[in-house]
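In what follows, a structure is listed as structure tokens, so that the remarks can point back to it.
The values are calculated or read from the model by the stated rules, or taken from the named source; none is laboratory data. Model, not experiment: these values are computed from the prediction. Please note: Cβ atoms are built from the backbone with ideal geometry, for glycine as well, and neighbour counts cover all protein chains shown. Just the protein is used for accessible areas: all its heavy atoms, side chains included, with ligands, DNA and RNA removed. Shrake-Rupley method; radii C 1.70, N 1.55, O 1.52, S 1.80 Å.
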Amino acid sequence: MSTPLRLGIAGLGTVGIGVVKIIQSHADLLTLRAGRPITISAVSARSRRDRGVDLDGYAWEDDPVALAKRDDVDVFVELMGGSDGPAKAATEAAIAAGKDVVTANKAMLALHGNELAQSAEDAGRAIRFEAAVAGGIPVVKALTEGLAGNEIKRVIGVMNGTCNYILTRMETSGLPYDDIFAEANDLGYLEADPTLDVGGIDAGHKLSLLSSIAFGTRVAFDDVELQGIERISIDDIRHASDMGFKIKLLGVAQMTGRGLEQRMTPCLVPATSPLGQLDGGTNMVVLEGDSVGQIVLRGAGAGEGPTASAVMGDVIDLARGLRISTFGQPAASLQPAPAAKATAAAPYYLRVVLQDKPGALAKIATVLSNSGVSVDRMRQYGHADTTAPVLIVTHKTTQDALDHAISGFAETGVVVGEPVAIRIENV
């Protein structure tokens, strides 16, 4: 029999236990597909509590760094999470000890991926991270392998299932953001720090990793423009629907003449588009290549089974002897790219609450016109006491022109509160 590929698994949360279950339940199938048995030598976690699976056959290490250094471990599977601390220390120890690494840790790679990738390549080792981006969707493999013959033009997608769940539930239930946020928290959908989800940070980590692969650049999470969904109201969702759109927390990355544009922000997309029809906790990533055109990948973005499936896909590749550079090309060849803001013209959704007085709407229209912003559609909704919300869809305009108009609104004396402007993305 061929020599087994021996795993050391650090982290026995939802995903780690999912990996153990797959190895225990599909041993024969994995051997056939990998060409050799895949076994677990040792595990590590913060406690030895009962996790509903039999771990008696595996050695236990309290210290994940010690696990990473074990002689009977060929591949270190890092499923602890956290950008620094034990996860990073153990990953570095594994590479130094001549181990390959499989990880689901998007935060660690978004902040330290460049250095870790270089260390792994210097040591002749591989870091695989399919599970770090979009759960069970094989988007990393698609970019590094299936679409390797393409110049990638754009990466766009919904990469955080919790945000998509919240926005979908707001629409279907008619309940405001705070109510659905509490519901998602009760269901265990939110990170311990909810800002990672609703603030767009988790999805921004993922986008920065895909950008590196797609455009051959150094990972630059700090350059991702981030805006969460906290300011999206139930009225925005209803009004967008009235106009044929859905609101999504959308990641967009593309290389321009000015540099690399990376943004994770709420956007409107056509309700009939694939992204517009994406409901609940599902993720979708759209890849656009110069030869292949548009590829749409859709699936579960989180959870025990889907994420463990992604981990095992990487493990099986290593068992087969498939080794590629962490971000699809040698780490030393990845180029720093200047950060670029979105300057390409696009239509925008604009919500403005006006004082209910004669001439208020005319003043807003004048400011838009003077700023070079052309109105495609405008709707005024029912009054609330002394105010009236106005919804505007513009023709294509620049962010600078829209910002100029919004700053001019304050001088009219008829605007109540902060206007909300959301880009409409062509997908």
*Per the Kirkwood formula on distinct C-alpha pairs, the Rh of the stretch 350-427 is how many angstrom?*
12.7
_As a quick test, which of the pairs 206/396; 106/341; 88/141; 246/363; 153/341; 88/206 have an alpha carbon distance above 20 angstrom in this structure?_
206/396; 106/341; 88/141; 246/363
_With the cut-off at 1.5 for a/c, could you classify the stretch 1-74 from its C-alpha gyration tensor as rounded, prolate or oblate?_
oblate
*Fraction of alpha-carbon pairs over 26 Å apart in the stretch 1-140 - percent*: 18
*asked:* Show me the trypsin sites (Lys or Arg not before Pro) within the stretch 244-313 that DSSP assigns to loop and that have at most 12 other Cβ atoms within 10 Å of their Cβ.
replied: 258
*What list of whole percents do you get for P(r) of the stretch 128-229, with Cα-Cα distances grouped in 5 Å bins up to the one holding the largest distance?*
2, 12, 21, 21, 16, 12, 9, 5, 2, 0
_Give me the three principal axis extents of the stretch 114-184 from the C-alpha atoms, as integers in angstrom, largest value leading._
53, 26, 18
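Compute the accessible area per residue over the chain, keeping the other protein chains in place, probe 1.4 Å, unit Å².
Result: 41 Å² of accessible area for each residue.
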*Nonlocal amide H pairs with residue 376, under 5 Å, H built at 1.01 Å*: 393, 394, 395
*For the chain, what is the percent of antiparallel DSSP beta bridges, rounded to the nearest 5?*
65
*Rounded to the nearest 20 Debye, what is the dipole magnitude of the chain about its Cα centre when Lys and Arg each give +1 and Asp and Glu each give -1 at the C-beta?*
860
*If one computes P(r) from the Cα atoms of the stretch 318-367, what percent of pairs lie at distances over 16 Å?*
72
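With the Cα gyration tensor of the stretch 55-113 in hand, convert its eigenvalues to equivalent ellipsoid semi-axes via √(5λ) and list them largest first in whole Å.
Equivalent-ellipsoid dimensions as semi-axes: 19, 12, 10 Å.
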*In the chain, what percent of the accessible surface is made up of carbon and sulfur (1.4 Å probe, ligands and nucleic acids excluded)?*
49
_Value of relative contact order over the stretch 63-215, rounded to a whole percent, pairs C-alpha under 8 Å and six or more apart_ = 20
_the chain: most fluctuating residue of 394, 366, 217 per GNM, C-alpha cutoff 10 Å_ = 366
_With Cα atoms, 0 to 90° folded angle of helix 360-370 axis to the chain main axis_ = 70
_Please compute the Kirkwood hydrodynamic radius of the stretch 267-363 from all pairs of different C-alpha atoms, in Å with one decimal._
19.1
*Per the Kirkwood definition applied to all pairs of different Cα atoms, how many angstroms is the hydrodynamic radius of the stretch 209-327?*
16.9
*Output ³J(HN,Hα) for the stretch 102-119: one whole-Hz value per residue in order, computed from phi by the Karplus curve 6.51 cos²θ - 1.76 cosθ + 1.60 with θ = phi - 60°, and x for Gly and Pro.*
10, 9, 10, 9, 5, 5, 4, 6, 5, 9, 10, x, 4, 5, 5, 4, 5, 4
*Relative contact order for the chain, counting Cα pairs under 8 Å that sit 6 or more residues apart, in percent*: 16
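Where does the chain land at 222 nm, in deg cm²/dmol rounded to the nearest 500, when only DSSP H runs of n ≥ 4 count, each adding -39500 (n - 2.57), divided by all residues?
Numbers: 13 runs with 144 residues, N = 427.
When only DSSP H runs of four or more count, the value is -10000 deg cm²/dmol.
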*Quick one, which of (1) 82, 60, 42; (2) 84, 45, 34; (3) 72, 59, 41 is the actual Cα extents along the principal axes in Å calculated for this model?*
(2)
*Counting only residues 5 or more places away or on other chains, whose amide H sits under 5 Å from the amide H of residue 354 once H atoms are built in the peptide plane?*
388, 390, 416
*Which of the listed residues, 161, 38, 143, is farthest toward the dipole's positive end in the chain, when Lys, Arg count +1 and Asp, Glu count -1 at the beta-carbon?*
143
*Between 0 and 90°, nearest 10: helix 161-173 axis offset from the chain longest Cα axis*: 40
*What residues have an amide H closer than 5 Å to that of residue 102, excluding those fewer than 5 places away on the same chain, when H is modeled at 1.01 Å from N in the peptide plane?*
76, 77, 78, 128
*Ratio Rg/Rh [Cα only; Rh per Kirkwood] for the stretch 72-205*: 1.05
*Would you work out the relative contact order for the stretch 192-273, in percent, from Cα pairs under 8 angstrom that are 6 or more residues apart?*
32
_Backbone HN-Hα couplings from phi across the stretch 243-257 [Karplus 6.51/-1.76/1.60, Hz, Gly and Pro as x]_ = 9, x, 10, 10, 9, 9, 7, 10, x, 9, 9, 7, 8, 10, x
_In Å and on Cα atoms, what radius of gyration and Dmax does the stretch 104-143 show?_
10.7, 29
*asked:* Just to check I understand the Karplus step: with θ = phi - 60° and J = 6.51 cos²θ - 1.76 cosθ + 1.60, what whole-Hz values come out for the stretch 275-289, glycine and proline as x?
replied: 5, x, 8, 7, 10, x, x, 6, 9, 8, 10, 10, 10, 10, x
